[in-house]
1. Take the residues in region 74-92 that are in contact with a helix residue (DSSP H, G or I) (Cβ under 6 Å, 6 or more places away or on another chain) and assigned to a strand (DSSP E or B), then tell me which one is surrounded by the fewest Cβ atoms within 10 Å (Cβ to Cβ).
2. Give the number of residues within region 31-80 that are more than 19 Å from L103 (Cβ to Cβ) and of a type in the set (F, W, Y).
3. May I ask you to verify whether F173 is assigned to a loop (DSSP other than H, G, I, E, B) and modelled with pLDDT of 85 or more?
4. Would a scan of region 61-73 turn up a residue that is surrounded by 11 or more Cβ atoms within 10 Å (Cβ to Cβ), of a type in the set (A, V, I, L, M, F, W, C) and assigned to a helix (DSSP H, G or I)?
5. Being touching an Asp or Glu at 6+ places or on another chain (Cβ under 9 Å) and loosely packed, with under 15 Cβ neighbours inside 10 Å is the filter here, so list the residues in region 3-44 that pass it.
6. For region 105-121, indicate whether the set of residues that are at pLDDT 90 or above and either surrounded by fewer than 12 Cβ atoms within 10 Å (Cβ to Cβ) or in a helix (DSSP H, G or I) (or both) is non-empty.
7. Out of all the residues in region 78-107, which are of a type outside the set (S, T, N, Q), out of contact with any strand residue (DSSP E or B) (no Cβ under 7 Å at 6 or more places or on another chain) and farther than 20 Å from S45 by Cα?
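The values are calculated or read from the model by the stated rules, or taken from the named source; none is laboratory data. Since we're looking at a predicted model, the values are computed, not measured. All Cβ positions, even for glycine, are placed from backbone atoms using ideal geometry, and neighbour counts span all protein chains on display.
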Amino acid sequence: MNNLTGEIIIDKTKYNYILFDINTLIILMKIKKKLMSSLEECIKSLRQLDNFNIIKLVSENILHYPYETLYFMIYRKNEVIATSRIMYKQASKKCYINMVFTLEKYRGNSSIRLLISAFRTDNFDSLCSSPLSVRNKICQNNIKKLIELTKNIFNTYEFINRIITTRYCLQIFI
């Protein structure tokens, strides 16, 4: 798969995104060290591992064979804002999304309460336009854009996560 890059605007702020495979990850580790350091910090926070090293993603890719891996990042300058990862078998229309993460300063403090309310009502659009939800849009746009970019490859998305706020974010779209 070719890398897909572009811009995404979330609440009038422009961010960049990239969808890439393991080979591009290795290249990015060499040429975009600050961006990869930021990705590494996100994964440390997500996994609650102080000693995580970005090279671990390469070894995980090998260990998960025959699954292939695609990584998705929303970033601004050299700061990764949100991540997610797709794992899939060649020629399969089904994939698994995990490693969904939003940098803490971009999360809303009331994300669980707001997203539960949104999931339980038919008035999701008005809830999303409220000031409390501005930061939640990063997580939601992370998943929306990832699905938009891969919808011609996959027709079934299964989520693997253990983080309750992520589950509520994902339930809104699936």
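1. Among them, the one singled out is E79.
2. Qualifying residue count, region 31-80: 2.
3. Against the criterion (assigned to a loop (DSSP other than H, G, I, E, B) and modelled with pLDDT of 85 or more), F173 does not qualify.
4. No, region 61-73 contains no residue that is surrounded by 11 or more Cβ atoms within 10 Å (Cβ to Cβ), of a type in the set (A, V, I, L, M, F, W, C) and assigned to a helix (DSSP H, G or I).
5. Residues satisfying the conditions are N3, K14, K34.
6. Checked region 105-121: no residue is at pLDDT 90 or above and either surrounded by fewer than 12 Cβ atoms within 10 Å (Cβ to Cβ) or in a helix (DSSP H, G or I) (or both).
7. A91, the sole residue that qualifies.
For (1) touching a residue at least 24 places away in the same chain (Cβ under 8 Å); (2) assigned to a helix (DSSP H, G or I); (3) touching a strand residue (DSSP E or B) at 6+ places or on another chain (Cβ under 7 Å), each residue gets a yes or a no:
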position: E7; (1), (2), (3): no, no, yes
position: Y17; (1), (2), (3): yes, no, yes
position: L35; (1), (2), (3): yes, yes, yes
position: N51; (1), (2), (3): no, no, no
